[in-house]
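Trainee: Take this structure, written in structure tokens, and hold onto it; I'll ask about it next.
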Amino acid sequence: MAYVYWQYVNIGIKQEEYIARAEEYVKKALTLDSESLQAHTVLGAILIAFRGNQRNGVRHLKKALASNPEDPMPLLQLAVTYIQAIGKLSLAAPLVQRILHIDPLNSIGHLCEAALVLYEGKYELALEASRRAYQIDPKNPISQFYYSWILAYNKKIEEALSGIDQMEKGSPDVSAKLGLLLKYGLLKDKEKAFQVMTPDFQKTCKRDPEWSHYVGVMLSLLDARKEALDWLENAVNHGLINYPALKHDAFLANIRGEPRFQKLMERVKYEWEHFEV
């Protein structure tokens, strides 16, 4: 139940009330079984995605893995955290390989494989892995968004736009709306881009370091520099310290020379280098 409530919030369908419910059910689960692998996994995900507490979140995920090192759920959560929020790619790589060995048809595992090289600026390799994820689960908004996003990094703009247009119309999933934001960023259509950013969409993304990061990237692509920096600073304030991603991202070229961005990078680099795992 905790995982269900967490996922409702994670994909942007519900708001803070469901975070509280997720935490309530996690507490009940841990009262019944203080060593519950599932409870520690979900608690870790809550702390990382919604509370900006990466260190304690990682501790709970590691505790879950200590119970069963082959369980795909905490493996995925920890790998995603190392890749997306923390940027510790060398720590994520063996986890991703273990996921792909245990569950080779899990599309998110292949997206993790794509992100490992994406954040090093190796866009062609990222495209191969994201294509595999898309082929495994072509109706999944997350697979659709990432595949289109990485197509755009590879300058396959028409294919990226076509992929976005195939995404489910009116989907409440935040990934679908990020796809639209990417589309209008590529088309340089600020008016339509800001129409996508409804109050609920912004609320969903502002509390989550990963989603905030993506919005900042899309707005930089749109050349909305102030807004892009606002979102990236919000991502960092919520726990994002992914120095490799911010350093290599081609879509951040518009703001890389901005004093605010350079100051933010100093902070991110320090926290990334001093993150204790």
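The values are calculated or read from the model by the stated rules, or taken from the named source; none is laboratory data. Quick caveat, the model's predicted, so the values are computed rather than measured. Positions of Cβ are backbone-derived with ideal geometry, glycine not excepted, and every protein chain shown enters the neighbour counts. The protein model used for the area step is the full one, side chains on, heavy atoms only, and it has no ligands, DNA or RNA in it. Shrake-Rupley method; radii C 1.70, N 1.55, O 1.52, S 1.80 Å.
Trainee: Please report, in whole Å, how far the alpha carbons of region 132-255 spread along each principal axis, starting with the longest.
Mentor: Answer, in whole Å and largest first: 34, 29, 28 Å.
Trainee: Right, here's the next one. Per-residue counts of other Cβ atoms within 10 Å, averaged by peptide: what ranking do you get for 214-222, 47-55, 159-167, highest first?
Mentor: On the way: 214-222: 25.7, 47-55: 20.2, 159-167: 17.8.
Listed from highest to lowest mean packing, they are 214-222, 47-55, 159-167.
Trainee: Shape call for region 77-164 from the C-alpha gyration tensor, a ≥ b ≥ c root eigenvalues: rounded (a/c under 1.5), prolate (a/b greater than b/c) or oblate?
Mentor: Here region 77-164 falls in the oblate category.
Trainee: Sticking with this structure for a sec: Roughly how far apart, in whole Å, are the Cα centres of region 14-38 and region 129-196?
Mentor: Answer, in whole Å: 32.
Trainee: Can you work out the base-10 log of I(q)/I(0) for the chain at q = 0.08, 0.11, 0.15 1/Å, using the Debye formula on its C-alpha atoms alone?
Mentor: Rounded to two decimals, the profile gives -0.30, -0.59, -1.16.
Trainee: Moving to a separate point now. Per residue, what accessible area does region 159-238 have, given a 1.4 Å probe and all protein chains present, in Å²?
Mentor: Per-residue value: 40 Å².
Trainee: So how far, in whole Å, is the C-alpha centre of region 215-273 from the one of region 81-96?
Mentor: 19
Trainee: With r defined as the distance between the Cβ atoms of N154 and Q15 and R0 fixed at 22 Å, what FRET efficiency is calculated, to the nearest 0.05?
Mentor: Between N154 and Q15 the formula returns 0.05.
Trainee: Run the reach check for K269 against aspartates and glutamates, Cα to Cα strictly under 16 Å, same-chain hits fewer than 8 apart removed. What comes back?
Mentor: The qualifying aspartates and glutamates are E120, E233, D249.
Trainee: Also, I was wondering about something else. Modelling each spin label as a point 7 Å along the Cα-to-Cβ direction, I'd like the A93/R256 distance in nm, to one decimal.
Mentor: Going by the 7 Å Cα→Cβ label model, 2.3 nm.
Trainee: Mean projection of the alpha-carbon convex hull of region 144-195 over all orientations, in nm²?
Mentor: Computed as one quarter of the Cα hull surface, the answer is 3.2 nm².
Trainee: Using only the alpha-carbon atoms of region 213-268, report the extent along each of the three principal axes, biggest first, to the nearest angstrom.
Mentor: In descending order, the Cα extents are 24, 18, 18 Å.
Trainee: In addition: With the crude spin-label approximation of a point 7 Å out along Cα→Cβ, what separation in nm comes out for L32 versus K122?
Mentor: 4.4
Trainee: I need the Kirkwood Rh of region 1-128: take the reciprocal of the average 1/r across all distinct C-alpha pairs and report it in angstrom. If you can, show how the numbers build up before the last one.
Mentor: On the way: mean 1/r = 0.0667 Å⁻¹.
One decimal place: 15.0 Å for the Kirkwood radius.
Trainee: Still on this structure, please answer the following. For region 1-82, what does the accessible surface come to per residue with a 1.4 Å probe? Please give it in Å².
Mentor: Per residue, region 1-82 has an accessible area of 47 Å².
Trainee: Quick one: pull the percent of accessible area on the chain belonging to carbon and sulfur, 1.4 Å probe, ligands and nucleic acids left out. Could the numbers behind the result be given before it?
Mentor: Values: 6540 of 12500 Å².
Within the chain, the accessible surface is 52 percent carbon and sulfur.
Trainee: Which distance in nm do the two modelled labels at M1 and Y270 give, with both placed 7 Å along the Cα-to-Cβ direction?
Mentor: Distance between the two pseudo-spin positions: 4.4 nm.
Trainee: Pairs K88/K122; K27/K62; K156/K247; K156/K263; K28/K177; K155/K226: which are spaced more than 28 Å apart, C-alpha to C-alpha?
Mentor: K156/K263; K28/K177
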